[in-house]
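Structure first, commentary second.
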Amino acid sequence: MSDTAKSKELLTRYSIARIPFIAINTIEPGRTLEMLKEISEDLQLPFHVHTLTKGVYDLATDKNLSDDKSVYGAIDYMTEQMKRKQYETIILTEVPDLSTENSDSKQILALVNLANESGGVVIVFTNAPVWNQLQRQGMTIKIDLPNEEEMYSIIKEYIDDYRNEIPIEWDNTDIREAAATLNGVTRIEAENVIAALIANKRIRKSDMDEVRFAKDRLFSDISGLEKIEVDDSVKDVGGLEGLRKWLDEKKELLTPEKKDELRSKGLQPPRGILLVGVPGCGKSLSAKSISANGVNVVTVVPAASAEAAAANRQTNAIKPADRVRRAVIGDIANEPRM
């Protein structure tokens, strides 16, 4: 089951159970609303949505219900609806600060309490923490970015719509490779990349390079990530023979064909290689050499937390040794001289 399917299953269960408060952690409101629309249609329950651009509208029919576009107007509207009707659901896509006890979080809590009495549900989209008293009224769910399998479906569906209109050289293997390359981006970002290719009136095998360049551009401004160009000069770094041999045996698992085979057997294919170590142990140089030898997916993590943990382990190992050293030196010093 894909990540999206699991999220949809959870949201469906929460909706059936009428959990009064659901906080959804997502950076893809459009994709999440599509999922909630499917749930609304499956359960035949009305879901009302508020956005700052459209106000309150019915998710299934797109019918406008309130012209007041403010979130406070939406709360007032749904308060009146929940007083008169049961099983109402409101989705607030843009909410004020709910991380602490303040007037906004208390107002949402009052609406949640009313929903609890009338069998209603209040759903909020937020990437921030939620005030503890409000959070304890319901559940939290995170909508992950499309995984590689979902990205394959997104790209294939988008491309197939144009196969009768423009020349497309990509087959399923190419689409798999594009999905692997675009793993970690949003659906709309992936669709924009493919739309740019389609704008050329054809998709060629060589366009895979453009997909890689697009991924680089999308990730170029992310804090903590640095792209490093490598050349053949780092291929023959000494001391990595064992790592290279191991990679030669394992990198086949990163090919689209092998990933399909693993999925068919119910196994999650690997996404890359993780190098973790204390500062100065050679992670970056090893990564450059690995990349130059044909393994394109390499993640180097010199994380502060990992380094701190390693440093703590080193310190804890040195302390008893230091105590023993002092004891030995003390015993030697106190021994009677001959």
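The values are calculated or read from the model by the stated rules, or taken from the named source; none is laboratory data. Because the structure is a prediction, the values reported are computed rather than measured. For neighbour counting, all protein chains shown are included, and Cβ atoms are generated from backbone atoms with ideal geometry for every residue, glycine included.
Of the residues in segment 235-275, how many are closer than 25 Å to M208 by Cα, surrounded by 15 or more Cβ atoms within 10 Å (Cβ to Cβ) and touching a residue at least 12 places away in the same chain (Cβ under 8 Å)?
11
Give just the number: which of (1) among the aliphatic types (A, V, I, L, M); (2) in a helix (DSSP H, G or I); (3) over 18 Å from R271 (Cβ atoms) does V237 not satisfy?
(2)
Specify the residue that is nearest to the chain's Cα centre (by Cα); the eligible residues are those in segment 118-133 that are touching a residue at least 24 places away in the same chain (Cβ under 8 Å) and farther than 23 Å from G30 by Cα.
In the first step, residues of segment 118-133 are kept if they are touching a residue at least 24 places away in the same chain (Cβ under 8 Å); the result is 118-131, 133.
This time we only want the ones that are farther than 23 Å from G30 by Cα, so: 118-119, 131, 133.
Details: S118: 34, G119: 32, W131: 23, Q133: 27 Å.
Per the criteria, the residue is W131.
Please work out if I159 is over 30 Å from I19 (Cα atoms), in a helix (DSSP H, G or I) and over 21 Å from the mean Cα position of the chain (by Cα). Even if it seems obvious, please write down each step before you answer.
On the way: over 30 Å from I19 (Cα atoms): yes; in a helix (DSSP H, G or I): yes; over 21 Å from the mean Cα position of the chain (by Cα): yes.
Yes: the conditions hold for I159.
Collect the residues in segment 202-249 that are under 27 Å from R163 (Cα atoms) and either touching a Phe, Trp or Tyr at 6+ places or on another chain (Cβ under 9 Å) or modelled with pLDDT under 70 (or both), keeping them in residue-number order.
Scanning segment 202-249 gives I203, R204, K205, D207, M208.
Being acidic (D, E) and within 15 Å of G184 (Cα to Cα) is the filter here; which residues of segment 137-170 pass it? Spell out how you get there, then give the answer.
Of segment 137-170, the ones acidic (D, E) are 144, 148-150, 157, 160-161, 165, 169.
Answer for segment 137-170, where residues must be acidic (D, E) and within 15 Å of G184 (Cα to Cα): D144, E148, E149, E150.
When residues of segment 10-32 are filtered for being aliphatic (A, V, I, L, M), within 11 Å of F125 (Cα to Cα) and surrounded by 18 or more Cβ atoms within 10 Å (Cβ to Cβ), how many remain?
Number of matching residues: 3.
Of all the strands (runs of 3 or more DSSP E) wholly in segment 1-71, which have at least 1 residues that are within 20 Å of T140 (Cβ to Cβ), in contact (Cβ under 8 Å) with a residue 40 or more places away in the chain and under 17 Å from the mean Cα position of the chain (by Cα)?
On the way: elements: 21-25, 47-51, 55-58, 64-66.
Qualifying strands (runs of 3 or more DSSP E): 21-25.
Quick one: V112 ticks every box in (1) free of Cβ contacts under 8 Å to residues at least 24 places away in the same chain; (2) in a helix (DSSP H, G or I) bar one, so which box is it?
Among (1) free of Cβ contacts under 8 Å to residues at least 24 places away in the same chain; (2) in a helix (DSSP H, G or I), V112 violates only (1).
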